[in-house]
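*Asks:* The following block contains the structure, expressed as structure tokens.
The values are calculated or read from the model by the stated rules, or taken from the named source; none is laboratory data. All values reported here derive from a predicted model rather than from experimental measurement. Note that we place each Cβ from the backbone using ideal geometry, even for glycine, and neighbour counts take in every protein chain shown. Ligands, DNA and RNA are stripped out before the accessible areas are found, and what is left, the full protein with its side chains, is counted by its heavy atoms. Shrake-Rupley method; radii C 1.70, N 1.55, O 1.52, S 1.80 Å.
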Amino acid sequence: ESSTFIKRDYSVKYPGVVTPSTVSTLDIETDVLSEEKDIILCTVTFKNHIYTVINKPFVDRIGNFTERLNTKIKEYIGEYVDKANLDIVVEVAEDPVELIKKTFDKLHEWKPDVLAIWNINFDIPYILKQLEKYKADPKMYLCDPIVPYQYRICRYKEGPTKKVTASGQQKPLNPALQWHTLELTASFYVLDAMCVYKRLR
């Protein structure tokens, strides 16, 4: 893989220089009350930035939603926002496809090294199914837009969900021990924070 050669060349040219990776996080929430089961919001974070996109039909009945939400943020957690110097931005998308586009556009703007998702095998397949449902090409919405379309990759691969014992029996593999991957043309590597947490500890 090209990134491996680049990393090696860098370590040879600059021995002992290690730059900490920057990390973003992503989390989605889905509508469990309707038959559509669409994504109703997605939040991504990076450093002191918190960016949330909400699906318009979910909040359409609430007048002046964004203004009212910002007022409530100040009312309930304003002191924590100020203390941590948080930059909180909330936007409303017309539909789940625009919600996904806005979210990943923001990630491509930030360009973190890692995008961490807790239990990636829920969020990423759900996002991909939403795009499929609305006949939207994942390469157009998840990949970095600066990459020409013909070079874009968006491929999700599930890791093993079972293990085979010495006696030949198959046993379910703990979700935290599974390793699912999203091959994505982007500046960041997508990983499952749950699996990383388990393996490090």
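*Asks:* Return one number: the angle in degrees, 0 to 90 and rounded to the nearest 10, between the long axis of the Cα atoms of helix 96-110 and the longest principal axis of the Cα atoms of the chain.
*Replies:* 60 degrees
*Asks:* Taking the Cα centre of the chain as the origin and placing charges on Cβ (Lys, Arg +1; Asp, Glu -1), which of LEU33, ALA84, VAL53 is farthest toward the positive end of the dipole?
*Replies:* After comparing all options, I get ALA84.
*Asks:* Measure nothing but the geometry: give the 0 to 90° angle between the long axis through the Cα atoms of 2-13 and the longest principal axis through the Cα atoms of the chain, rounded to 10°.
*Replies:* 80 degrees
*Asks:* Nearest 500 deg cm²/dmol is fine: what mean residue ellipticity at 222 nm does the chain get from its DSSP H runs of n ≥ 4 alone, each adding -39,500 (n - 2.57), divided by its residue count?
*Replies:* So the calculated ellipticity at 222 nm is -11500 deg cm²/dmol.
*Asks:* How do ILE50, ILE77 stack up against each other in accessible area, from largest to smallest, with a 1.4 angstrom probe?
*Replies:* ILE77, ILE50
*Asks:* Here is a further query. Specify which residue in the list SER187, CYS143, ASN174 is farthest towards the positive end of the charge dipole of region 136-190, using unit charges on the beta carbon of Lys, Arg (+1) and Asp, Glu (-1), about the Cα centre.
*Replies:* Final value for the positive-end residue is ASN174.
*Asks:* OK, next. Using a 1.4 angstrom probe on the protein heavy atoms only, line up VAL190, VAL89 by accessible area, largest first.
*Replies:* VAL89, VAL190
*Asks:* Distance between Cα centroids, region 1-71 to region 141-201: provide it in whole Å.
*Replies:* For region 1-71 versus region 141-201, the Cα centre distance is 17 Å.
*Asks:* Give me the percent of the accessible area of the chain that comes from carbon and sulfur atoms, probe 1.4 Å, all protein chains in place.
*Replies:* On the chain, the fraction of accessible area on carbon and sulfur atoms equals 55 percent.
*Asks:* How far, in nm, would the chain grow between THR71 and GLU29 when pulled straight, counting 0.36 nm per residue and subtracting the alpha carbon separation?
*Replies:* Extra length available between THR71 and GLU29 comes to 12.9 nm.
*Asks:* Then there's this: Starting from the 7 Å offset along Cα-to-Cβ, what nm value, one decimal, do you get for the label separation of ILE6 and LYS171?
*Replies:* Spacing of the two 7 Å Cα→Cβ label points: 4.1 nm.
*Asks:* What do you reckon, how do LEU173, LEU142, LEU200 stack up by accessible area (1.4 Å probe), largest on top?
*Replies:* Of LEU173, LEU142, LEU200, the descending order of accessible area is LEU200, LEU173, LEU142.
*Asks:* Then there's this: Report the charge-dipole magnitude of the chain in Debye, nearest 20, computed about the Cα centre from +1 at each Lys and Arg Cβ and -1 at each Asp and Glu Cβ.
*Replies:* Approximately 960 debye in magnitude.
*Asks:* Still on this structure, please answer the following. Which entry is the computed mean projected area of the Cα convex hull in nm² for this structure: (i) 16.3; (ii) 13.4; (iii) 11.3?
*Replies:* Entry (i).
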